[in-house]
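What follows is a short report on a single structure.
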Amino acid sequence: MLILGIESSCDETAASVVKDGRTIVSSVISTQIEEHKKYGGVVPEIASRRHCENILGVVKKALSDADVTLEEIDAIAVTYAPGLIGALLVGVNFAKGLAMASGKPLIPVHHIAGHIATNYLTFPDLEPPYLCLVASGGHSHIIEVLSYTKFRVVGRTRDDAAGECFDKCARAMGFPYPGGVHIDKASQNGDPSEFKLPRPAVAGNEFDFSFSGLKTSVINLIHNSQQKGVELNYNNLASSVQTTISEVLTEKTIKAGKALGYRKIALAGGVSANTGVRATLAQACKDNGFEFYMPEKSLCGDNASMIACQGYYNYLAGITADESLNAVATLSMEDI
Ligand code: KG4
Ligand code: ZN
């Protein structure tokens, strides 16, 4: 079965053809990062306009790279939530038009479910149930993947997402948007022991996260040193930020895995590309007897293969939509 996936929730316009949910036949990603860099973050209005300009070419290329025609596609999957509303609408309306014109089924996909599905593309034998840590620019979730289409959120961030914390700390250090990858690079030459950063305890749910205190403390540290004319070692600071985030994410995920009795733990989302997060969680899983899964690096960021993959499992579960499908900016995994 061939699924065409379409993704436009943030600043990547992407399309991909995936076979039987597990094999990527083609994948095209048109990124707008260079344009948003000038503003230090994604400008929603610009993102929508670029998606409108790019989507037809990106979908055509995904089909031609896969060497298939639209007629040979079995169904069209699209990200409908969550994300920037104007950006999501471009993909949703394009997919609706394509589905109506071709008579193909339309499959709605939740973006976070798509990130989780990158593990099915990397590990063809992985099956639910398992516990997944999803860390991206907009989300930090610990999720029970009960089946391919049923999820339960057991922990979430109370304020900033892990990716947002990476990006804001990076911005304060003068790195361009998106800064996560620059913190990752700088920390390769850093020593995490110079700066002790806060690891907030969260009252209530022990599996929830809070990263705003860490972000504020890094920003204050930088401002204070600038006022005093003292130069900080940014490699060491980056290394502390990365180590702290990696350890906090790992500690709570392992605790949740034990408390809920899982054998398998997976990682997903843009932050899953981070060297520290990958290594720390991998080691902790090994030490605590969990099987560990993480997407190959090329699948960590936003792409449409993950949407086509999750679309396949949604389709098998009978999750399809008609022309009334709308984009939704905020939607919990549990409400899909
Ligand atoms: O999943 P994603 O591509 O978009 C959202 O759905 O939000 O995640 C983007 C986030 C950004 O915050 C970016 O800085 C972060 O993932 N990221 C990283 C790395 N690569 C991407 N953070 C830390 N280290 C990296 N190597
Ligand atoms: Zn994403």
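The values are calculated or read from the model by the stated rules, or taken from the named source; none is laboratory data. Everything numeric here is computed off the predicted structure, so don't read it as measured data. All Cβ positions, even for glycine, are placed from backbone atoms using ideal geometry, and neighbour counts span all protein chains on display.
Odds and ends about this structure:
- Flag if Lys286 is closer than 18 Å to Val145 by Cβ and either assigned to a helix (DSSP H, G or I) or touching a Gly at 6+ places or on another chain (Cβ under 7 Å) (or both): no
- Test for Gly269: is it within 16 Å of ligand 2 (Cβ to nearest atom) and at positive phi: yes
- Going through (1) more than 27 Å from Val28 (Cβ to Cβ); (2) hydroxyl-bearing (Ser, Thr, Tyr); (3) free of Cβ contacts under 8 Å to residues at least 12 places away in the same chain one by one, Ser298 falls short only on (1).
- Counting the residues of region 145-193 that are within 16 Å of ligand 2 (Cβ to nearest atom), within 27 Å of Asn205 (Cβ to Cβ) and surrounded by 20 or more Cβ atoms within 10 Å (Cβ to Cβ) gives 11.
- Among the criteria (1) in contact with an Asp or Glu (Cβ under 6 Å, 6 or more places away or on another chain); (2) crowded, with 21+ Cβ neighbours inside 10 Å, the one Lys264 does not fulfil is (2).
- Qualifying positions in region 294-336 - modelled with pLDDT under 95 and surrounded by 14 or more Cβ atoms within 10 Å (Cβ to Cβ): Leu331, Ser332, Met333, Ile336
- Any hit, region 114-130, residues being over 28 Å from Gly40 (Cα atoms), among the charged types (D, E, K, R), surrounded by fewer than 24 Cβ atoms within 10 Å (Cβ to Cβ) and without any contact (Cβ under 8 Å) to a residue 24 or more places away in the chain: yes
- Answer from Lys104, Lys150 - the residue that is away from ligand 1 (no atom under 16 Å from the Cβ) and over 19 Å from the mean Cα position of the chain (by Cα): Lys104
- Residue within region 12-27 that is surrounded by fewer than 24 Cβ atoms within 10 Å (Cβ to Cβ), over 19 Å from the mean Cα position of the chain (by Cα) and more than 18 Å from Glu71 (Cβ to Cβ) present: yes
- One residue stands out among those in region 40-91 that are polar (S, T, N, Q) and within 21 Å of the chain's Cα centre (by Cα): the one that is surrounded by the most Cβ atoms within 10 Å (Cβ to Cβ), which is Thr79.
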